[in-house]
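J.: Quick one: structure below, then a few questions.
The values are calculated or read from the model by the stated rules, or taken from the named source; none is laboratory data. None of these values were measured; they are calculated from a predicted model. A quick note on method: Cβ atoms are made from the backbone with ideal geometry, for glycine too, and the neighbour counts reach across all protein chains shown. Remember, those area values only see protein heavy atoms, side chains included, never the ligands or the DNA or RNA. Shrake-Rupley method; radii C 1.70, N 1.55, O 1.52, S 1.80 Å.
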Amino acid sequence: MTFSCTLKRPTKKFRTDKEPYSTEDFSDYETLAIYACSLLAETDGEFKFGGFGKGDWHLDIGYDMSAIIEQLPDLLNFLHAREAGELDLYPPGVECTLKFLPHGDMVVIECHSRTSWIPEPPVEQASYAEVELIFETLAVDFAVSLDLVQPNVSNLSPFCEWRDGWTRQHHST
C-alpha cells in the first residue's frame, strides 16, 4: 500500500491573534473544522497525502486538509463498523472521491478522479488496521496540534475526544 495521510505536528507552541467565532457558529461541525484548519495553517505543521501513483499530492492545511477533517468523524465510523465509506476530496485541483470498500479483513480504496488526472493505480488495498491507524493518528495529531494553537478550540467536541484518545476508546467498545 502506498496510500498515506499524515499531519506533522507543529514544532512549538503557536498562538494566533485570530479570535474564535461565537459559540453558536461552532454548532456547525463543518464551520468548526474549516476554522480549526485555518488556525493550523499558520503553524509550521505539515500535511502530507499520497497514493494512487503520487507520493505527495501537495495538499495544504488551510483548505485541502479541511475537506478531510470535515468528513473524518463519518469516515472513522464507517471504518470501525467495517462498512463502505467515501472521502470527497472536493478542493479545486484535487477533485476526486476515495471509496473505502470492505473486502474481508482488507479495505479496497478506489480513487475516482473528476479531473484529467488519471490515478495509477486507481485501486489500492490495505488491512483495516492500517487504514484505521492512518485516520485515527490523523485525528489525534490534529487535536494535539490544535491544542498548541488555540486550546479553547481544541477543547470543543470532537477535538477534545480525539486528543484524549476517543478513537482508541470507541474502537475497542
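J.: Share of region 66-156's accessible area from carbon and sulfur, percent, 1.4 Å?
T.: Solvent-exposed carbon and sulfur of region 66-156 make up 55 percent of the total.
J.: Which value in deg cm²/dmol, rounded to the nearest 500, describes the helix-derived mean residue ellipticity at 222 nm for the chain, given -39,500 (n - 2.57) per DSSP H run of n ≥ 4 and division by the residue count?
T.: -11500 deg cm²/dmol
J.: Convert each backbone phi in region 101-106 into a coupling constant with the Karplus relation 6.51 cos²θ - 1.76 cosθ + 1.60 (shift: θ = phi - 60°), then list the ³J(HN,Hα) values in order as whole Hz, x for Gly and Pro.
T.: 10, x, 8, x, 8, 10
J.: Could you list which residues have their amide H under 5 Å from that of Thr43, counting only those 5 or more apart in sequence or on another chain, with H placed in the peptide plane?
T.: Under 5 Å from the amide H of Thr43 lies no amide H from a residue far enough along the sequence or on another chain.
J.: Would you mind computing, in nm to one decimal, how far apart the modelled labels at Asp56 and His112 are, each placed 7 Å from Cα along Cα→Cβ?
T.: Label at Asp56, label at His112, 3.0 nm between them.
J.: Still on this structure, I have one more. What are the aspartates and glutamates whose alpha-carbon lies under 18 Å from the alpha-carbon of Lys12, with same-chain residues fewer than 8 places away excluded?
T.: Glu42, Asp44, Glu46, Asp141, Asp147
J.: Scan (1) 50, 17, 14; (2) 27, 19, 14; (3) 22, 18, 15 for the value of semi-axes √(5λ) of the Cα gyration tensor in Å calculated from this model and give just the label.
T.: Among (1) 50, 17, 14; (2) 27, 19, 14; (3) 22, 18, 15, the one calculated here is (2).
J.: Calculate, in nm to one decimal, what Ser127 and Glu86 gain on full extension: separation in residues at 0.36 nm each, minus their alpha carbon distance.
T.: Details: separation 41, 0.36 × 41 = 14.76 nm, distance 1.66 nm.
Answer, rounded to one decimal: 13.1 nm.
J.: Reachable lysines from Lys99, Cα under 28 Å, same-chain residues fewer than 8 places away excluded?
T.: Cα-Cα hits under 28 Å: Lys8, Lys48, Lys54.
J.: I've got another one for you. Please sort 89-95, 117-123 by packing, taking for each peptide the average over its residues of neighbouring beta carbons within 10 angstrom, highest first.
T.: 89-95, 117-123
J.: Could I ask something else about it? How much accessible area per residue does the chain have, in Å², with a 1.4 Å probe?
T.: 49 Å²
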